[in-house]
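None of the figures in this text is laboratory data; all of them are computed from the coordinates on show. Owing to the predicted nature of the structure, the values given are computational and were not obtained by experimental measurement. As a convention, Cβ positions derive from the backbone with ideal geometry for all residues, glycine included, and neighbour counts pool all protein chains shown.
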Amino acid sequence: MFSKRSEQIELMDDLAFTGDEMRITLKELETINRWLGGNSATISGLNILISGNDTPTTIADIGCGRGDMLKLMAKWAQTKGLKLRLTGIDANRSIIDYAKENTIDYPEITYECLNIFSDDFQNKKYDIISCSLFAHHFTDQELVALLKTLHNQTKLGIVINDLHRHWLAFHFIKYVTAAFSGSRMIKNDAPLSVLRSFTRDDWSRILSLACVKNYSLAWKWAFRWQLIIRK
């Protein structure tokens, strides 16, 4: 069960994901990530890549959801005196509209409804691309292709924050969401996300196939991998 990545599709992968269920699910995901402290893996990664700036650093957050990570980036930048131009990318128009509502007080955040495998997205350039709890939605082959593209799109690097496939993480999130979640989708997708996620060997294999050599991979609480790819 835990020996290799699952390729079972999550309910959230449906681009018709919309309405009240979408809003409840994304709100619960934000609560879970904040409660478990996993968001810090992205912020600390940005802190490594950004040493300071006179002009705004451009960051694209792919699979941005309702913009919670972008909001955290904006708040972090304010405390550090950094200038950021933040762009949220998602292929689901309903999610983009919800994200705009959720981050209306942050003028440094904009959004684009794009498929990350489209030419429209892959022709864009950014200083940094971040990817939080999004990479596990793709197969190894898709990730290899994506990493090659993202590497060419960035000036400073890539920050990936994703789950560690581990039996303890699986059973913990399965029982917590069964007991406390009000979302059918969360109850299904949260444990499945762990099964679709990564061991260190998975990342080593994927990065080797993508010809990525200049990176650091660190385990973070709670059962997260912080992958920083430098240019």
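Tabulated data for the structure shown
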item: Thr177, Thr139 arranged by Cβ crowding within 10 Å, fewest neighbours leading; result: Thr139, Thr177
item: Distance from segment 43-100 to segment 115-161 (C-alpha centre basis), Å; result: 15
item: Cross-link partners of Lys174 among lysines (Cα-Cα below 24 Å; sequence separation of 8 or more within a chain); result: Lys4, Lys27, Lys187, Lys220
item: Helix-only CD estimate at 222 nm, as mean residue ellipticity for the chain, using -39500 (n - 2.57) per DSSP H run (n ≥ 4); result: -14000 deg cm²/dmol
item: FRET efficiency, 1/(1 + (r/R0)^6) with R0 30 Å, evaluated for Arg230 and Trp167 via beta carbons; result: 0.40
item: Extension gain from Arg200 to Lys83, taking 0.36 nm per residue of separation minus the Cα-Cα distance; result: 38.8 nm
item: Antiparallel content of DSSP bridges confined to the chain, in %, to 5; result: 35
item: Potential extension, Glu112-Ile48 segment - 0.36 nm per residue separation minus Cα distance; result: 20.4 nm
item: Per DSSP, loop chymotrypsin sites (Phe, Trp or Tyr not before Pro) in segment 164-223 with at most 15 further Cβ within 10 Å; result: Trp221
item: For Thr58, residues with placed amide H under 5 Å, excluding near neighbours; result: Arg85, Asp127, Ile128
item: Pairwise label distance in nanometres, Glu142 with Thr18, each label 7 Å out on the Cα-Cβ vector; result: 2.1
item: Exposure proxy order (Cβ contacts within 10 Å, fewest to most) of Met73, Met1; result: Met1, Met73
item: Residues Leu70, Leu29, sorted so that the one with the fewest Cβ neighbours within 10 Å comes first; result: Leu29, Leu70
